[in-house]
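The values are calculated or read from the model by the stated rules, or taken from the named source; none is laboratory data. These figures come from a predicted structure and were not determined experimentally. Neighbour counts run over all protein chains shown; Cβ positions are idealised from the backbone, glycine included.
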C-alpha cells in the first residue's frame, strides 16, 4: 500500500477509535530506568493534534521531576527546531494549526517523543509526509546522542512501511498496550 493510502487509512482508524486511550506511565518509567535517563536532560515533546496520542501528561510529570521540556517550532523548507517551553508559557498557533511555544531559546533534546501516523515491527515510522522529524533526527544525531521514542496507539501498527533512505527509525515505540524495542 502506498504511503499516502496507508496514511489516510490509519488516520481514519485513529480518529474513530482512540478517544479514551492513554499511555501507561509505567512504560515511560521502565524506559527511563532501563536507559538510565538522568534528570536535568532536555526532553523534546509535541503538542498533540489530529487525534495523536497525548504526551502532555508525560511532559508534565517529567517537568515536575526537573527535566527541561521543549516543543518544536516548524520552520520554512520543512525544517523544525526545538525550543524551551514550560506549562506556564503561552503557546501560539502556527500557520499549520499546531500550538507552538513563543520563540525563546533553541535547545537540543536528549530524548525526543515523536508522534506517528503508523509504525511497523522494524520501528519504521510513517508521519504526515513532510519529513520534519526525519530531517530533525538526522540533524540532532550528528550533534549528540539522542533517544528517539515513537508514541502511537497499538492499532496504528501495520505489517510493513515502505521506507526511503531519508526515513529514520525509532529507537523505541511506546503504545498504550506495549513497548517495542
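Residues that are under 17 Å from residue 113 (Cβ atoms) and in contact with a helix residue (DSSP H, G or I) (Cβ under 6 Å, 6 or more places away or on another chain): does the stretch 151-166 have at least one? Yes; the residues of the stretch 151-166 include at least one that is under 17 Å from residue 113 (Cβ atoms) and in contact with a helix residue (DSSP H, G or I) (Cβ under 6 Å, 6 or more places away or on another chain).
Of everything in the stretch 112-126, what is in contact with a helix residue (DSSP H, G or I) (Cβ under 6 Å, 6 or more places away or on another chain) and in a loop (DSSP other than H, G, I, E, B)? Give them in sequence order. Selection gives 117 alone. If you filter the stretch 160-181 down to residues that are assigned to a loop (DSSP other than H, G, I, E, B) and touching a strand residue (DSSP E or B) at 6+ places or on another chain (Cβ under 6 Å), you find that the one that is farthest from residue 129 (Cα to Cα) is 181. All of (1) part of a helix (DSSP H, G or I); (2) touching a strand residue (DSSP E or B) at 6+ places or on another chain (Cβ under 8 Å) hold for residue 103 with one exception: (1).
Each row is one residue, and each column tells you yes or no for (1) modelled with pLDDT under 85; (2) out of contact with any helix residue (DSSP H, G or I) (no Cβ under 9 Å at 6 or more places or on another chain); (3) closer than 29 Å to residue 105 by Cβ; (4) surrounded by 14 or more Cβ atoms within 10 Å (Cβ to Cβ).
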| residue | (1), (2), (3), (4) |
| --- | --- |
| 3 | no, yes, no, yes |
| 6 | no, yes, no, yes |
| 10 | no, no, no, yes |
| 19 | yes, yes, no, no |
| 23 | yes, no, yes, yes |
| 26 | yes, yes, no, no |
| 45 | no, no, yes, yes |
| 48 | no, no, yes, yes |
| 52 | no, no, yes, yes |
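Against the test of being over 15 Å from the mean Cα position of the chain (by Cα), in contact (Cβ under 8 Å) with a residue 12 or more places away in the chain and under 21 Å from residue 51 (Cα atoms), the options 177, 160, 145 yield a single qualifying residue, 177.
Counting only helices (runs of 4 or more DSSP H) that sit wholly inside the stretch 1-79, those with at least 1 residues that are under 17 Å from residue 133 (Cα atoms), within 17 Å of the chain's Cα centre (by Cα) and touching a residue at least 60 places away in the same chain (Cβ under 8 Å) are 3-17.
When the stretch 54-70 is filtered for residues that are under 17 Å from residue 116 (Cα atoms) and touching a helix residue (DSSP H, G or I) at 6+ places or on another chain (Cβ under 6 Å), only 58 remains.
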